[in-house]
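Engineer: Before I ask anything, here is the structure I am working with.
The values are calculated or read from the model by the stated rules, or taken from the named source; none is laboratory data. All figures in this text were calculated on a predicted structure; none of them were measured in a lab. As a convention, Cβ positions derive from the backbone with ideal geometry for all residues, glycine included, and neighbour counts pool all protein chains shown. What goes into the accessible areas is simple: the full protein's heavy atoms, side chains included, and nothing from ligands, DNA or RNA. Shrake-Rupley method; radii C 1.70, N 1.55, O 1.52, S 1.80 Å.
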Amino acid sequence: MLVAFCASHSANGQSYTSWLTGSSTDADVQPQFGLLLMGGASESDAAMQWFLERANGGDVVVIRASGADGYNDYLYTDLGVTVNSVETILFNNATASEDPYVIGRLNNAEAIWIAGGNQASYVNFWRNTTVEEAINNLINVKGGVVGGTSAGMAILGQSYFPALNGSISQAAALANPFNNAMLFGYDDFIDAPFLKNVITDTHFNDPDAIRYGRLTAFMARLGYDHGVRPFGIGANEYCATAIDENGIAHCYGEFGDEFTDDFVYFLQANCVEPSVPEIIQASTPLTWLRNNEAVKVYRVPATIEGQNYFDLNTWNDGEGGQWMNWFVENGTLVLEETTGAAGCILSVRQVRQLNNVTLYPNPSNDIINIKTEEKQWSYTIFDISGRVMVMGRSNLSAAAIDVQPLAAGIYKIEILGESGHFSASFVRSR
């Protein structure tokens, strides 16, 4: 049944308004994992088609705290990808975050899109609520696709800038990294694979408020506050990065002859010790030099085809991009191109990547089959928090790994052979 209607709920005032386009009957399909981070201004059609394809003909829910139903026709009809329904739910206050209808629709979704707006409203309305649980369940148990633009992208990292005390400019963040607006959340909201110790920023090239230095200051605070090696993803307007189940981030935009500023940036603190900022204290401009290589950045041209990418497993490998060094001296950001990647690799991926491994089926509810040309190899399966769940070895070119004891969710398998290393994510389905 094809329906299109608007409904509102008013148990405690009007807590939400919803608009449904498509079928009101839930589609029972298996989605494909994905994360889509979009920099704002306007959507990349190709990236949004990638997003919809991962819903596998299922139901899409758009959540927002301002605006109306502008996404419904765009996602249901205009992009040419068939889905069962698109529903926009406008949250007018936090009461809607525990409403049974709202939670039911989110739990039945194969794709959730977080619109732009004010991330402070999203944090105030959704953090530590059943909405948060529903989003994390879709990502990590159901294995679906979640994305957001502008404020919607800003809340997807393990660390995030909630703008609870308002926004902040690049100049102000660099001049005082402990400015009253520089509040951050960490590990208490969206739980997304591949975004561990990552903080994001959007509208990166806004001509009225360039944010390259702002994200650098955010990372400095992330490292200082939590004692971790900080990472960042910044997206220019009209650009997006689509992260698949293998942690490969393809970059979509319209980079070319007409648009020469469509980039996505992947930032990481260099791990050549010491790597922390030389000066980071209240009411003092940030200084983060480290031999003028403090932050290693891979700048990726975002194209319509999305062929350029960066590997979020290694944070060291990519295609089509340019390495840069960013550093800050007395509150002034300097950007330099370089041929050198970061001074470290994150793990055993120091060995070369194996190309002779096949893993299937994915998703699986019982057995994962591995085929390889390696004569001897070992495997380790990790959950999304990095805990080791299963380990083993094989002297055969093929093996079947029993994953039935694992709970439904997303896992990573790492294979170490005689001549290299392989890693991939897989879904243990229900």
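Engineer: With unit charges on the beta carbons (Lys and Arg positive, Asp and Glu negative) and the dipole taken about the Cα centre of the chain, which residue among N136, V62, G256 sits farthest to the positive side?
Structural biologist: Final value for the positive-end residue is N136.
Engineer: Could you tell me what % of all Cα pairs in the stretch 257-397 have separations over 25 Å?
Structural biologist: 49
Engineer: Would you mind listing how long the stretch 53-179 runs along its three principal axes, going by Cα atoms, in whole Å with the largest first?
Structural biologist: The Cα atoms of the stretch 53-179 stretch 49, 30, 27 Å along the principal axes, largest first.
Engineer: Let me ask another. 7 Å from Cα along Cα→Cβ at both A209 and S419: what's the point-to-point distance in nm?
Structural biologist: Distance between the two pseudo-spin positions: 5.3 nm.
Engineer: According to the square roots a ≥ b ≥ c of the eigenvalues of the Cα gyration tensor, what is the shape class of the stretch 204-265, taking rounded for a/c under 1.5, prolate for a/b larger than b/c otherwise, and oblate for the remainder?
Structural biologist: The shape class here is oblate.
Engineer: Continuing with this model, one more query. If R0 is 51 Å, what FRET efficiency do you get for Q14 and D257 from their C-beta distance, rounded to 0.05?
Structural biologist: Approximately 0.55, to the nearest 0.05.
Engineer: May I ask you to compute the full-extension gain from T129 to E373, defined as 0.36 nm times their residue separation minus their alpha-carbon distance, rounded to one decimal in nm?
Structural biologist: 83.1 nm
Engineer: Below 23 Å, Cα to Cα, which lysines can K375 reach? Residues fewer than 8 away in the same chain don't count.
Structural biologist: Of all the lysines, those that pass the test against K375 - Cα under 23 Å, at least 8 places apart if same chain - are K412.
Engineer: If you don't mind, another one. Given a 1.4 Å probe, how much area per residue of the stretch 274-430 is accessible, in Å²?
Structural biologist: Heavy-atom SASA per residue in the stretch 274-430 reads 49 Å².
Engineer: Right, another one. For the ranges 32-43, 72-83, what's the packing order if you count other beta-carbon atoms within 10 Å of each residue, average per peptide, and put the highest first?
Structural biologist: Highest to lowest by the protection proxy: 32-43, 72-83.
Engineer: A follow-up question, please. Got a number for carbon plus sulfur as a percent of the chain's accessible area, 1.4 Å probe?
Structural biologist: Using a 1.4 Å probe with all protein chains present, the chain comes out at 46 percent carbon and sulfur.
Engineer: What percent of all Cα-Cα pairs in the stretch 195-299 falls in each 5 Å bin, counting up from 0?
Structural biologist: Spelled out bin by bin, the stretch 195-299 gives 3, 12, 21, 21, 19, 13, 7, 3, 1 percent.
Engineer: Could you work out how far apart the two model spin labels at N291 and E305 are, taking each label as a point 7 Å from the Cα in the direction of the beta carbon, and quote it in nm?
Structural biologist: The answer from the label model is 3.8 nm.
Engineer: Roughly what would the spin-label model give for A407 and R393, points 7 Å off Cα along C-beta, in nm?
Structural biologist: With each label point 7 Å from Cα toward Cβ, the separation is 3.1 nm.
Engineer: Compute, for the chain, the length of the dipole vector about the Cα centre, with Cβ point charges of +1 (Lys, Arg) and -1 (Asp, Glu) only. Units Debye, rounded to 20.
Structural biologist: 1180
Engineer: Arranged from highest to lowest average of other beta-carbon atoms within 10 Å per residue, in what order do the peptides 156-165, 407-416 appear?
Structural biologist: 156-165, 407-416
Engineer: Among 85-96, 144-155, 201-212, how do they line up by average Cβ neighbours within 10 Å per residue, starting with the highest?
Structural biologist: Ranking, from highest mean packing down: 144-155, 85-96, 201-212.
Engineer: Could you please tell me the mean projected area of the C-alpha convex hull for the stretch 165-238, averaged over all directions and given in square nanometres to one decimal?
Structural biologist: Mean projected area of the Cα convex hull: 5.3 nm².
Engineer: While we're on this one: Need one word for the stretch 250-291: rounded, prolate or oblate. Basis is the Cα gyration tensor (sqrt eigenvalues a ≥ b ≥ c); a/c below 1.5 gives rounded, then a/b vs b/c decides.
Structural biologist: prolate
Engineer: Looking at the square roots a ≥ b ≥ c of the eigenvalues of the Cα gyration tensor of the chain, which shape do they give, rounded for a/c under 1.5, prolate if a/b is larger than b/c, or oblate?
Structural biologist: It comes out oblate by the Cα gyration axes.
Engineer: Counting each DSSP H run of 4 or more residues in the chain as -39500 (n - 2.57), what helix-only mean residue ellipticity at 222 nm follows after dividing by all residues, to the nearest 500 deg cm²/dmol?
Structural biologist: So the helix-based figure for the chain works out to -4000 deg cm²/dmol.
Engineer: The stretch 49-120: percent of C-alpha pairs farther apart than 17 Å?
Structural biologist: Here the long-distance tail beyond 17 Å is 41 percent of all Cα pairs in the stretch 49-120.
Engineer: On to the next question. If the chain between Q49 and S169 were fully stretched, how many nm would it gain, using 0.36 nm times the residue separation less the Cα-Cα distance?
Structural biologist: 39.9 nm
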